[in-house]
Amino acid sequence: MSEKLLMKGNEALGEAALQAGCQLYFAYPITPQSELPEYLSRRMPELGRVFLQAESEIAAINMVYGAAGAGARVMTSSSSPGISLKQEGLSYIAAAQLPCVIVNMSRGGPGLGSIQPAQSDYLQATKGGGHGDYHLIVLAPASAQEIVDLTILAFDLADQYRTPVMIMGDGLLGQMMEPVLFPDRTNVELPEKPWATTGRKGDRPKNIIHSLELQSERLEAHNQKLQEKYADIAATQKRSDEYLTEDADVVLVAFGTVARICRSAIDMAREKGIKAGLFRPISLWPFPDEALARLAEKERVFLSVEMNCGQMVDDIKLAVDCRRPVHFFGRVGGIVPSPEEVLAEIEKIMAGRCDA
Amino acid sequence: MKLVFDRPRALADVQTHYCPGCTHGIIHRLVAEAIDELDIAERTVGVAPVGCAVLAYNYFNLDFQEAAHGRAPAVATGIKRALPENVVFTYQGDGDLASIGTAEIVHAANRGEAITVVYVNNAIYGMTGGQMAPTTLPDQKTSTSPYGRDVSSAGYPIRMAEMLSTLVAPQYIARVAVNSPANIQRAKRAIKKAFEIQVKNKGFALVEVLSTCPTNWGLSPEKALRWLEDNMIPYYPLGDFKVPKEVE
Ligand SMILES: Cc1ncc(C[n+]2csc(CCOP(=O)(O)OP(=O)(O)O)c2C)c(N)n1
Ligand code: SF4
């Protein structure tokens, strides 16, 4: 596909997964991501691939475990309450080092919350979610095109590191229509997976996918191996984007949908003579702390804008090492902050700064 | 001299951790014999449960995945859908299959997933030290039913084979026991049939195997076999509950 197509984010994600070689997809319906299973339920049979609507998110993530362990590229998707149900499976998948992609088109919580967009699963996604010491790679696109690019990257990173990768979006991104371009993937070769359980043929020792280590020393060694992998990922896979940060006195930090709103607010602020800029984490884990720390070398303030109650603030404070003030503005419950609201917040901070 | 009894090739030459007299070992052997006889070891993938059989992957000479507690049928679904030419089986206890994993087994069966399920019912949670299971018999004493299972509060033991045989898609559902040589022979035939059905691509097959837990029943291995016969078989009748017409 070499021409631009107008697609909803959720559908673009589905198509990108297919282009990335996703062979199986398991999921349970939930708003606001249902366009994705609906799209794949049409497309996957056309391509002779597996679409299966599972009986629950718990079953879906365990089907992912089985298929990933069998060596296939596999994906599941859901939204916040369903992602909570997948946490047990994610812990097992991370422990057994199985590559797969999980999509969270997150919505307002806690509890059943709402079906409106939110970012209140940030901590769950970036700090673990399930039991035990593990991490997911978490990628947060901010446009339909970035959904495509990051989805393909997610499958590659999952295989490269044998680790689950989460695409963290929200209802707005999933349902918004935008032009997208799919890269040419015709000559892409997928990696061999000699560890997969495909049946023990000939002299090959049996392959076992498991996470049980009853001997403490062995479990500790396994944990250390996982931590080395996470350190390697943290050293090489931090991703972020910046907009007008060079001379900015106030740097907004926002990801996904909110980053787009912040750009508008920044343009409005610049028109009023306020030097505002945007730092946009693309990888939420590993958090792009070094790039943010570089911005903190200069005298300026930071403003985290989120669709939650401030879940990213600690990461920002750690990154800037508390050298600079970090403010927070957020809306929750499925309310998307308007550029005007964000602008008002920027003006308040700058005024306070002058007063001080 | 002719060798007449040997370890099945699909069984690893290792010591198991099962308690003396536990019939998990017999059931492992029957599964391995069936796999040998059908000559499918090179394309078989097993799924181990959480329960006493959690280490089953060490005891079979087969590729294996270990599932979270109760999730084996979902894991097996993922494997089978990824590798439709392979033979996939789960080996699950009654806590695993009939309590925490009821949704997964019912829906794998209902979809007619072409997998084989070996369901080991010993009427108790063995691994965690003998707590009440959904299959624990009325008035049976366990560490969490010290006065005996009170059916007015805990309900009645679940007959999974009967329940699942109400579904349309499953091809073969049977209950067997491993308490006597004759019953072990029948169990062997049923387990082999359950694998054969998958090899012939016929769909879902489940064999419920009544098994002993001498340790947590507080009985000698011999008395445990008798307890199974006297108490479990009357409540859990043996036999075929669903048989495909062609296999009949
Ligand atoms: C989510 C979860 N809950 C509880 C446990 C603890 N647990 C381990 S085995 C088991 C029950 C096993 O009983 P059963 O399935 O009957 O198998 P058996 O040990 O009797 O063969 C339980 C409750 C667990 N490992 N994971
Ligand atoms: S606890 Fe019971 S089921 Fe488990 S190995 Fe011992 S006898 Fe067998």
**Item:** Residue pairs meeting the criteria (Cβ under 7 Å; at least 6 apart or on separate chains; first acidic (Asp, Glu), in the range B:190-216; second surrounded by 23 or more Cβ atoms within 10 Å (Cβ to Cβ) and not in a helix (DSSP H, G or I))
**Value:** B:Glu208/B:Tyr119; B:Glu208/B:Asn121; B:Glu208/B:Arg175
**From A:Gln124, A:Gln116, residue being in contact (Cβ under 8 Å) with a residue 60 or more places away in the chain and not assigned by TED's automatic domain parsing to the domain that holds A:Met307** = A:Gln116
**Request:** Determine whether B:Asn61 is more than 12 Å from ligand 1 (Cβ to nearest atom), within 28 Å of B:Thr136 (Cβ to Cβ), within 9 Å of chain A (Cβ to nearest Cβ) and open to solvent by 10 Å² or more (accessible area, probe 1.4 Å).
**Result:** no
**Message:** I want to confirm something. Restricting to the range B:27-51 and keeping residues that are more than 12 Å from the chain's Cα centre (by Cα), open to solvent by 10 Å² or more (accessible area, probe 1.4 Å) and in contact (Cβ under 8 Å) with a residue 40 or more places away in the chain, which single residue is farthest from ligand 2 (Cβ to nearest atom)?
**Reply:** B:Arg43
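Within the range B:69-86, take every residue that is surrounded by 24 or more Cβ atoms within 10 Å (Cβ to Cβ) and outside any helix (DSSP H, G or I) and give me the one that is nearest to the other protein chains (Cβ to nearest Cβ). Steps first, please.
Just the residues of the range B:69-86 that are surrounded by 24 or more Cβ atoms within 10 Å (Cβ to Cβ), to begin with: B:70-82.
Filter once more, so that each one left must be outside any helix (DSSP H, G or I): B:70-71.
Details: B:Gly70: 9, B:Arg71: 4 Å.
Top of the filtered list is B:Arg71.
Check B:Gly129, B:Gly95 and return the single one that is in a loop (DSSP other than H, G, I, E, B), out of contact with any helix residue (DSSP H, G or I) (no Cβ under 6 Å at 6 or more places or on another chain) and within 16 Å of ligand 2 (Cβ to nearest atom). Write out each step before concluding.
Values: B:Gly95 fails: in a loop (DSSP other than H, G, I, E, B).
Matching residue, one of B:Gly129, B:Gly95: B:Gly129.
Return the residue satisfying two criteria in turn: it lies in the range A:159-179 and is part of a strand (DSSP E or B) and more than 12 Å from A:Val101 (Cβ to Cβ), and of such residues it is modelled with the lowest pLDDT. I'd like the intermediate steps shown before the answer.
Residues of the range A:159-179 part of a strand (DSSP E or B): A:164-170, A:177-179.
Subsequent filtering for residues that are more than 12 Å from A:Val101 (Cβ to Cβ) retains A:169-170, A:177-179.
Details: A:Gly169: 96, A:Asp170: 92, A:Met177: 96, A:Glu178: 97, A:Pro179: 97.
The selected residue is A:Asp170.
Identify the residue in the range B:132-168 that is part of a helix (DSSP H, G or I) and crowded, with 19+ Cβ neighbours inside 10 Å and, among all such residues, is nearest to ligand 1 (Cβ to nearest atom).
So in the range B:132-168, the residues part of a helix (DSSP H, G or I) come out as B:151-154, B:160-164.
Within this subset, residues satisfying the condition of being crowded, with 19+ Cβ neighbours inside 10 Å are B:160-161, B:164.
Numbers: B:Met160: 12, B:Ala161: 15, B:Leu164: 17 Å.
Once the filter is applied, the top-ranked residue is B:Met160.
Got a number for residues in the range A:4-38 being assigned to a strand (DSSP E or B) and open to solvent by less than 50 Å² (accessible area, probe 1.4 Å)? Outline the logic, then answer.
Applying the first criterion (assigned to a strand (DSSP E or B)) to the range A:4-38 yields A:5-8, A:24-27.
Now drop any that are not open to solvent by less than 50 Å² (accessible area, probe 1.4 Å), which leaves A:7, A:24-27.
Looking only at that region, the number is 5.
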**Hits in the range A:50-79 (condition: open to solvent by 10 Å² or more (accessible area, probe 1.4 Å) and among the hydroxyl-bearing types (Ser, Thr, Tyr))** = A:Ser56
**Asked** Among (1) away from chain A (no Cβ under 14 Å); (2) of a type outside the set (S, T, N, Q); (3) away from ligand 1 (no atom under 14 Å from the Cβ), which single condition is B:Tyr18 missing?
**Response** (3)
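Quick check on the range B:195-213: of everything there that is open to solvent by less than 10 Å² (accessible area, probe 1.4 Å) and within 13 Å of ligand 2 (Cβ to nearest atom), which residue is farthest from the other protein chains (Cβ to nearest Cβ)? Show your work before the answer.
The initial filter retains those residues of the range B:195-213 that are open to solvent by less than 10 Å² (accessible area, probe 1.4 Å), namely B:195, B:197-198, B:203-212.
Keeping just the survivors that are within 13 Å of ligand 2 (Cβ to nearest atom) gives B:209-212.
Values: B:Val209: 23, B:Leu210: 27, B:Ser211: 21, B:Thr212: 24 Å.
In this case the residue turns out to be B:Leu210.
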**Asked** For the range B:91-113, which residues satisfy the criterion of being within 11 Å of chain A (Cβ to nearest Cβ) and aromatic (Phe, Trp, Tyr)?
**Response** none
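Is it the case that the range B:79-91 has a residue that's among the hydroxyl-bearing types (Ser, Thr, Tyr) and in contact (Cβ under 8 Å) with a residue 60 or more places away in the chain? Steps first, answer last, please.
Of all residues in the range B:79-91, those among the hydroxyl-bearing types (Ser, Thr, Tyr) come to B:90-91.
Still in the running and in contact (Cβ under 8 Å) with a residue 60 or more places away in the chain: B:91.
Yes, the range B:79-91 has at least one match.
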**Request:** Among the numbered conditions (1) buried (at least 21 other Cβ atoms within 10 Å of the Cβ); (2) of a type outside the set (D, E, K, R); (3) in contact with a Phe, Trp or Tyr (Cβ under 9 Å, 6 or more places away or on another chain), tell me where B:Ala187 comes up short.
**Result:** (3)
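Kindly provide the set of residues from the range A:316-332 that are in a helix (DSSP H, G or I) and surrounded by fewer than 22 Cβ atoms within 10 Å (Cβ to Cβ), ordered by number.
A:Lys317, A:Leu318, listed by residue number.
Can you tell me which residue in the range A:39-70 is farthest from the other protein chains (Cβ to nearest Cβ), limited to those that are part of a loop (DSSP other than H, G, I, E, B) and in contact with a helix residue (DSSP H, G or I) (Cβ under 7 Å, 6 or more places away or on another chain)? Working first, answer last.
Residues of the range A:39-70 part of a loop (DSSP other than H, G, I, E, B): A:47-49, A:54-56, A:70.
With the extra rule that they be in contact with a helix residue (DSSP H, G or I) (Cβ under 7 Å, 6 or more places away or on another chain), the set shrinks to A:47, A:54-56, A:70.
Numbers: A:Leu47: 14, A:Ala54: 7, A:Glu55: 4, A:Ser56: 6, A:Ala70: 4 Å.
Checking each candidate, the answer is A:Leu47.
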**Output for the range A:288-314, where each listed residue is under 26 Å from A:Gly109 (Cβ atoms) and in a loop (DSSP other than H, G, I, E, B)** = A:Pro288, A:Met307, A:Asn308, A:Cys309, A:Gly310, A:Gln311, A:Met312
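Out of A:Tyr230, A:Tyr243, report the one residue that is under 22 Å from the mean Cα position of the chain (by Cα), of a type in the set (Phe, Trp, Tyr) and open to solvent by 40 Å² or more (accessible area, probe 1.4 Å). Let's see the steps before the verdict.
Numbers: A:Tyr230 fails: open to solvent by 40 Å² or more (accessible area, probe 1.4 Å).
Answer to the check: A:Tyr243.
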**Prompt:** Looking at the range B:224-235, is at least one residue within 12 Å of ligand 2 (Cβ to nearest atom) and either over 21 Å from B:Leu30 (Cα atoms) or within 14 Å of another protein chain (Cβ to nearest Cβ) (or both)?
**Reply:** no
**Fill in**
Matching residues in the range A:345-356 (touching a strand residue (DSSP E or B) at 6+ places or on another chain (Cβ under 9 Å) and of a type in the set (A, V, I, L, M, F, W, C)) number 3
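How about the range B:107-126: which of its residues are among the aliphatic types (A, V, I, L, M) and either more than 12 Å from the chain's Cα centre (by Cα) or within 16 Å of ligand 2 (Cβ to nearest atom) (or both)? Working first, answer last.
Quick first cut of the range B:107-126, residues among the aliphatic types (A, V, I, L, M) only: B:108-109, B:114-115, B:117-118, B:120, B:123-124.
B:Ala108, B:Ala109, B:Ala114, B:Ile115, B:Val118, B:Val120, B:Ala123, B:Ile124 - these are the residues of the range B:107-126 that are among the aliphatic types (A, V, I, L, M) and either more than 12 Å from the chain's Cα centre (by Cα) or within 16 Å of ligand 2 (Cβ to nearest atom) (or both).
The values are calculated or read from the model by the stated rules, or taken from the named source; none is laboratory data. Here the structure is a predicted model, which means the values were calculated and not measured. A quick note on method: Cβ atoms are made from the backbone with ideal geometry, for glycine too, and the neighbour counts reach across all protein chains shown. Calculation scope for accessible area: heavy atoms of the full protein, side chains included, ligands and nucleic acids excluded. Shrake-Rupley method; radii C 1.70, N 1.55, O 1.52, S 1.80 Å.
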